[in-house]
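These notes concern the structure reproduced below.
The values are calculated or read from the model by the stated rules, or taken from the named source; none is laboratory data. The model shown is predicted, which means the values in this text are computed figures rather than measured ones. Positions of Cβ are backbone-derived with ideal geometry, glycine not excepted, and every protein chain shown enters the neighbour counts. These area figures cover heavy atoms from the full protein model, side chains too; ligands, DNA and RNA do not enter into them. Shrake-Rupley method; radii C 1.70, N 1.55, O 1.52, S 1.80 Å.
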Amino acid sequence: MKSYFKTAAIAVALSLAQQASADVTVRLTGSTAFRAGTHKAIIAMMGGEANCKIAHGAIVGLTAATQTGYENSDYTIVQGTASGISGVTTVQCTWTGSATGVKDVAEGNSLSFIPASALPGSNGYANAAVSQTPTESATAKYAFSDVFQAATPTPAPALVNANLAIIPFSWVANKGTVGFTNMTQQAGRALYANGTQPRRILTGNPAHTDLVMAVGRDNGSGTRITQLAETKYGVFTPVQQFKLVSTGAVGSGSIVSAQLWPVGDGVGSTTAGNGGYSSGSTIRNFMSMTSSSIILLDEFGDEVTNGLPVSLVAWMGVTDVATAVSNGAVRLSYEGVLYDGSNANLIYEGNYTAWGYLHLYTPGGLNTDETQFKTNLATQLDNASVLGAAGLRVSQMHVGRQSDGATVGP
């Protein structure tokens, strides 16, 4: 009898030990605007790149294994040892947009992730497996969003919210744009209501009759929701945006055609023009190209005119804007205030209002390791060296807002 109890006790002890050191997999989705900052936070909580195996999806124009390629990819997987979590921690990320991420976590929808089998044998950015395909289907428990859940098409079931950082946004015009350097709420509303506006509405010069065209995200994107809330356009009001075709490389290529976004093409494209891109990285690449002679198409793909000189305008997260500007795009000020990532006090003190909270939404009932991972993220994302230009520390804000687009004040 004693032998039986002794054996049983050993079995229980072994089971508990195995549970304590069990490997953990966590999956993240949501906002593309903050993927760079989140990717940095994951590496930081694992003690740096030298302690991590990394694989990520392709970046247009960048095929080498680099930190930039990892941080700006829409699909990533990292494996290492995370602070406070026993065993090996694997973090899989699929960035699809804020509203889409909230919906997928709230409803428990399956998403596509890069599998662990794609990870390289060695650690570090230089050894990362590049251009990996997301072939594993699984659900995520963490959704990053740059908007409040109430502003998304999935306000229920309610998820648990934590505000971890501030996400700044900026307007940007494509390479070759001249004559204007500022966007206003009024100009934004006019542009997204009509799809195009004569350039004179932004320059004040009656001779500028060529068109400015709207390029933007689909309605699963928190970037779009923040934009439409901030400009007082209406977060659920349909927009008029264009789908682009280009030729040549990022930084030196050109836009060939612009089509009013067709019905049935992607998330939210229930009316002509209301569709958009699922990632800021795609728009970022287009903004790095010129558009001096394009073919304009209607929603059916029929040609309206040819040889049209246009300027393109978009609203993006600051890291995507910085990349586009480095390739020739033009950063625009907003309501006369220019934010370039180096002047944080403009946001901390309330002078620049093109920003949203970085919300982390999770379902209730996270286990101990999942809760610890959430705590690790919060710790890392209140660190300026981790955030970089991607975001600002929420603990340093002297102002706030109660909802997307709401008045900013103490």
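Per-structure values
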{"quantity": "³J(HN,Hα) computed for each position of segment 352-360 - Karplus, 6.51 cos²θ - 1.76 cosθ + 1.60, integer Hz, glycine/proline x", "calculated": "10, 10, 7, 8, x, 6, 8, 8, 10"}
{"quantity": "Solvent-accessible heavy-atom area per residue, rounded to whole Å², over segment 37-171 at 1.4 Å", "calculated": "34"}
{"quantity": "Fraction of antiparallel bridges per DSSP, the chain only, in percent to nearest 5", "calculated": "70"}
{"quantity": "R0 of 22 Å, Cβ-Cβ distance Asn306-Thr209: FRET efficiency to nearest 0.05", "calculated": "0.80"}
{"quantity": "Nearest 10 degrees, 0 to 90: helix 368-380 Cα axis against the chain principal axis", "calculated": "50"}
{"quantity": "Alpha-carbon centroid distance for the pair segment 357-410 / segment 83-146, whole angstrom", "calculated": "19"}
{"quantity": "Principal-axis tilt of helix 185-194 within the chain, Cα atoms, nearest 10 degrees", "calculated": "80"}
{"quantity": "Zero-based 5 Å bins, Cα pair distances in segment 158-299, whole percents", "calculated": "2, 9, 18, 22, 22, 15, 7, 3, 2, 1, 0"}
{"quantity": "Segment 318-383 - Rg and Dmax from Cα coordinates, angstrom", "calculated": "16.7, 47"}
{"quantity": "Segment 251-410: C-alpha gyration tensor shape, a/c 1.5 cut-off, then a/b vs b/c", "calculated": "prolate"}
{"quantity": "Whole-angstrom gap from segment 167-181 to segment 26-70, using each part's C-alpha centre", "calculated": "26"}
{"quantity": "Chain lengthening between Ser254 and Tyr348 when straightened (0.36 nm per residue, less Cα-Cα)", "calculated": "30.1 nm"}
{"quantity": "DSSP beta bridges in segment 253-355 [antiparallel fraction, %, rounded to 5]", "calculated": "50"}
{"quantity": "Those aspartates and glutamates that a straight Cα-Cα span of less than 18 Å connects to Lys40, excepting residues fewer than 8 apart in one chain", "calculated": "Glu49, Glu71, Asp74, Asp146, Asp320, Asp382"}
{"quantity": "Dimensions (Å) - the chain, Cα atoms, principal axes, largest first", "calculated": "97, 46, 38"}
{"quantity": "Fraction of accessible area attributable to carbon and sulfur, segment 280-410 (%, probe 1.4 Å)", "calculated": "48"}
{"quantity": "In degrees, nearest ten, helix 35-45 long axis to first principal axis of the chain (Cα)", "calculated": "20"}
{"quantity": "Of Ser110, Thr223, Gly121, farthest towards positive along the dipole that unit charges on Lys, Arg, Asp, Glu beta carbons give the chain", "calculated": "Gly121"}
{"quantity": "For segment 218-362, accessible area per residue (1.4 Å probe, heavy atoms of protein chains only), Å²", "calculated": "34"}
{"quantity": "For the chain, size of Cβ-based charge dipole, Lys and Arg +1, Asp and Glu -1, in debye", "calculated": "580"}
{"quantity": "Of all accessible heavy-atom area on segment 26-125, the percent that carbon and sulfur account for (1.4 Å)", "calculated": "46"}
{"quantity": "Charge-dipole axis of the chain as Lys and Arg at +1 and Asp and Glu at -1 on Cβ define it, positive-most pick from Gly301, Gln185, Thr94", "calculated": "Thr94"}
{"quantity": "Sequence-distant residues sharing a close amide H with Ser257 (under 5 Å, placed H)", "calculated": "Val245, Ile295"}
{"quantity": "Efficiency of FRET from Cβ geometry, Ser131 and Asn51, R₀ 22 Å, rounded to 0.05", "calculated": "0.40"}
{"quantity": "Shape call, segment 35-173: gyration tensor on alpha carbons, a/c limit 1.5", "calculated": "prolate"}
{"quantity": "Surrounding net charge for Ser112, when Lys and Arg each add one and Asp and Glu each subtract one, Cβ distance under 14 Å", "calculated": "-2"}
{"quantity": "Relative contact order (%) - the chain, alpha-carbon pairs under 8 angstrom, separation at least six", "calculated": "20"}
{"quantity": "Alpha-carbon radius of gyration plus Dmax, which is the widest Cα pair, for segment 46-99 in Å", "calculated": "12.4, 38"}
